[in-house]
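Read the structure below first, then the notes.
The values are calculated or read from the model by the stated rules, or taken from the named source; none is laboratory data. It should be emphasised that the depicted structure is a prediction, and the values quoted were computed from it without experimental measurement. Neighbour counts run over all protein chains shown; Cβ positions are idealised from the backbone, glycine included.
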Amino acid sequence: MGSVVAINQRARSEEQKTLRRNAVLKVAELYFLEVGYEAFSMSHLAKKAGVAKGTLYLYFETREEIFLTLYEQSLIRWSQIFINDLPVSMSSKSYAQKLYSTAMADGTFLPLLIRLEHIIEHNVAIPRLISSKQIFIDQVDAIAEVTSIALTLNKPQAIEVVKTMGVLLIGATQGDQGPSLDNEELPKDVRDLIESFSSEPLFTKNAARIIEGIRSESFTET
């Protein structure tokens with residue numbers, strides 16, 4: 001027999017438990033991409049995964065712990081894509097455009113990042129939160145390493161850039177969470193206002209300004 005355990009089979013060994021947990025997470029991510037954050041329910045996830053609802057709580061204490069785990073996976077996934085896409089030298093604007101496009105391409109990353117500090121992290125156990133923050137620290141450090149080369153910054157400057165880009169990305173993309181009015185007939189001034197708050201130009205323009213501002217400041221190597 002192989003090491004694969006069906007999602008609806010009883011998991012006995014630690015390896016089987018890990019496999020089942022991973023299988024639940026795969027179903028959870030597909031379900032999240034289908035219905036979004038608000039409509040996501042543990043009952044429906046259990047049905048889609050073919051397990052009893054109580055079984056889910058053997059692996060995740062809360063719904064938000066599932067979201068936190070999906071966020072961590074998407075953070076690592078996006079970080080690797082972004083790192084691999086960075087050349088050895090690029091402009092501040094090109095860096096901002098690359099960060100935006102790769103982050104937007106992951107359907108899980110941004111919707112969870114936007115809700116991370118205000119909702120998700122408030123509904124998980126402290127030890128779980130600490131482990132998540134340690135994952136975040138590792139990813140920031142990895143991105144900062146390549147950022148320092150691509151933008152010709154020292155390490156403290158690069159870390160400041162990476163942290164600030166995350167905050168700016170949350171702020172810029174929150175405007176995209178409103179109702180879609182693409183097919184609606186709107187007065188020109190209203191249409192112009194909406195377009196002026198479109199996340200891509202808003203993020204790219206301000207990100208480039210911030211990077212140049214950090215570049216001009218004095219940061220001491222640690």
Among the residues in the range 96-108, are any aliphatic (A, V, I, L, M), touching a Leu at 6+ places or on another chain (Cβ under 7 Å) and closer than 29 Å to Ser216 by Cα?
yes
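Considering only helices (runs of 4 or more DSSP H) fully contained in the range 4-94, which possess at least 2 residues that are acidic (Asp, Glu), closer than 25 Å to Leu113 by Cβ and under 15 Å from the mean Cα position of the chain (by Cα)?
Counting at least 2 such residues, we get 63-85.
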Considering only residues that are surrounded by 14 or more Cβ atoms within 10 Å (Cβ to Cβ) and among the polar types (S, T, N, Q), look in the range 81-95 and name the one that is nearest to Leu110 (Cα to Cα).
Ser94
Within the range 148-157, is even one residue of a type in the set (Lys, Arg) and over 16 Å from the mean Cα position of the chain (by Cα)?
yes
Out of Ile135, Ile149, Ile159, Ile130, I need the residue that is among the aliphatic types (A, V, I, L, M) and without any contact (Cβ under 8 Å) to a residue 12 or more places away in the chain. Which one?
Ile130
Just to verify a result, which residue in the range 15-68, among those that are touching a residue at least 24 places away in the same chain (Cβ under 8 Å) and of a type in the set (Val, Ile, Thr), is surrounded by the fewest Cβ atoms within 10 Å (Cβ to Cβ)?
Thr62
Residue check for Ile130: among the aliphatic types (A, V, I, L, M), in a helix (DSSP H, G or I) and surrounded by fewer than 16 Cβ atoms within 10 Å (Cβ to Cβ):
yes
Could you please give the count of residues in the range 150-174 that are hydrophobic (A, V, I, L, M, F, W, C) and in contact with a Ser or Thr (Cβ under 8 Å, 6 or more places away or on another chain)?
7
So, of the residues in the range 111-127 that are of a type outside the set (Gly, Ala, Ser) and loosely packed, with under 13 Cβ neighbours inside 10 Å, which turns out to be nearest to the chain's Cα centre (by Cα)?
Glu117
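Out of Gln174, Gln139, I need the residue that is over 17 Å from Ala96 (Cβ atoms), under 22 Å from the mean Cα position of the chain (by Cα), modelled with pLDDT under 95 and assigned to a helix (DSSP H, G or I). Which one? So that I can check it myself, show each step before the final result.
Details: Gln139 fails: modelled with pLDDT under 95.
That would be Gln174, the only listed residue that is over 17 Å from Ala96 (Cβ atoms), under 22 Å from the mean Cα position of the chain (by Cα), modelled with pLDDT under 95 and assigned to a helix (DSSP H, G or I).
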